[in-house]
């Protein structure tokens, strides 16, 4: 019984860590999306890295997700965006929205 309990706890711990590890997939600009016309897509490649493609060139950035707040960290500084009720990334009027 003890081995089964340890196994179940290991599975739950692994799922908790990997299932809540961040965003995934590709987000594209929604219509009328500010600089979304310049930024082609945002692709989340791991639990802490994203690839932003703009005008055919890609840049890797680090990100942190804290609740509905998404912080991108680059050599030029930090950019904080939000995740809206539909799961889209909202960068305000300047960046616009990006959705799956």
Requested in this report: Counting other beta carbons within 10 Å of each Cβ, put 75, 90, 40 in order, fewest first.
Outcome: 75, 40, 90
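For a quick check: sort 88, 99 by the number of other beta carbons within 10 angstrom, fewest at the front. Could the numbers behind the result be given before it?
On the way: 88 19, 99 15.
Fewest-to-most Cβ neighbours within 10 Å comes out as 99, 88.
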Query raised in the report: Counting every Cα pair in the stretch 44-100, what percent are over 14 Å apart?
Result: 58
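Output the relative contact order of the stretch 22-99, whole-number percent, from Cα pairs under 8 angstrom with separation of 6+ residues. Kindly include the intermediate steps, with their values, before the conclusion.
On the way: 167 pairs, mean separation 22.9, N = 78.
Answer for the stretch 22-99 is 29 percent.
Rule-based calculations on the coordinates, nothing more; no lab input. As the structure is a prediction and not an experimental result, all values here were calculated from the model. Neighbour counts run over all protein chains shown; Cβ positions are idealised from the backbone, glycine included.
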